[in-house]
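What follows is a short report on a single structure.
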Amino acid sequence: MNDTKSLPDLPDRLSGDPSSPHHVAEIFEHNIGIRLNGKERFDIEEYCISEGWVKVASPKALDRRGKPLMMTIKGTVEAFYIVK
């Protein structure tokens, strides 16, 4: 079982893109959850708790490199570990 004391602290800003400076690989070894305005979201690519926003991928639009465009959604952001 995972013990919450052995898990690394979740940063204020985290990105799922490995090329981003806000990507922390050791955190993605565990399951994390994001709650935006009281609802759990599973399509979050990046978040910032202090600024109150998350970024989600656009379903169809792509940038010039072929990656999905990111849409910013503002609100109350909470990040947490999913402990089974």
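Rule-based calculations on the coordinates, nothing more; no lab input. Please read all numbers here as calculations on a predicted model, not as lab measurements. With ideal geometry, Cβ positions are generated from the backbone for all residues, glycine too; neighbour counts draw on all protein chains shown.
Which length gain, in nm to one decimal place, applies between Arg35 and Lys84 when the Cα-Cα distance is subtracted from 0.36 nm times their residue separation? Write down the numbers at each step before the final one.
Working: separation 49, 0.36 × 49 = 17.64 nm, distance 1.74 nm.
Taking 0.36 nm per residue and subtracting the Cα distance, the gain is 15.9 nm.
Could you give the C-alpha radius of gyration of the stretch 17-81 expressed as a fraction of 2.2 N^0.38 Å, taking N as the number of residues it contains? Mind dumping the intermediate values first?
Working: Rg = 12.3 Å, N = 65, 2.2 N^0.38 = 10.7 Å.
For the stretch 17-81, the normalised Cα radius of gyration is 1.15.
At a 10 Å Cβ-Cβ cut-off, how would you order Lys67, Lys84, fewest neighbours first?
Details: Lys67 13, Lys84 5.
With the fewest neighbours first, Lys67, Lys84 line up as Lys84, Lys67.
For the stretch 17-81, what is the relative contact order in percent, using Cα pairs closer than 8 Å and at least 6 residues apart in sequence?
Working: 95 pairs, mean separation 21.8, N = 65.
The value is 34 percent.
Cut-off 10 angstrom, C-alpha nodes, Gaussian network model of the chain. Which of Ser50, Ser19, Ser58 fluctuates the most?
Ser19
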